[in-house]
């Protein structure tokens, strides 16, 4: 019996952990997006949150830039990661040459590196973006 008690305790703990957590599925149509702010996105884009900063202050969004649209020059306090999911776009770090982003490409922006990203002049681009929120930024 003494041998079974630790196993029973472990199973109870695992069962309680399983009960206290469950999967959350958010449908695309339930993710309220919006046209981006002219201060952040000087031309037309559509941004939708993917998830809020509930995982160690990590947040993600999906942004679509129409042809000719791009972000303003900006930085991220803890960096940012983009994954290109549709179309062709451009990305540029201040003082560097503009680069082409294609579907499947992943772009890492180190903390505080000034950059912009967006569509080419003739094609739209969609990317997922992930970042660690620092002071809600």
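May I ask you to say which residue of 78, 32 is modelled with pLDDT under 95, loosely packed, with under 13 Cβ neighbours inside 10 Å and not in a strand (DSSP E or B)?
32
Does residue 107 qualify as being surrounded by 11 or more Cβ atoms within 10 Å (Cβ to Cβ), outside any strand (DSSP E or B), touching a strand residue (DSSP E or B) at 6+ places or on another chain (Cβ under 9 Å) and free of Cβ contacts under 8 Å to residues at least 60 places away in the same chain?
no
Residue-by-condition table, conditions (1) within 15 Å of residue 58 (Cα to Cα); (2) at pLDDT below 95; (3) not in a strand (DSSP E or B):
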| residue | (1), (2), (3) |
| --- | --- |
| 87 | no, no, no |
| 100 | no, no, no |
| 111 | yes, yes, yes |
| 126 | no, yes, no |
| 134 | yes, yes, yes |
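Kindly provide the set of residues from the range 120-136 that are within 17 Å of residue 66 (Cα to Cα) and touching a strand residue (DSSP E or B) at 6+ places or on another chain (Cβ under 7 Å), ordered by number.
Once the filter is applied, which keeps residues that are within 17 Å of residue 66 (Cα to Cα) and touching a strand residue (DSSP E or B) at 6+ places or on another chain (Cβ under 7 Å), the range 120-136 yields 120, 123, 124, 125, 126, 127, 128, 129.
So which of 86, 117 ends up being surrounded by 15 or more Cβ atoms within 10 Å (Cβ to Cβ) and closer than 13 Å to residue 65 by Cβ?
117
The values are calculated or read from the model by the stated rules, or taken from the named source; none is laboratory data. This structure is a prediction, so every number in the text was calculated from the model and none was measured. Neighbour counts run over all protein chains shown; Cβ positions are idealised from the backbone, glycine included.
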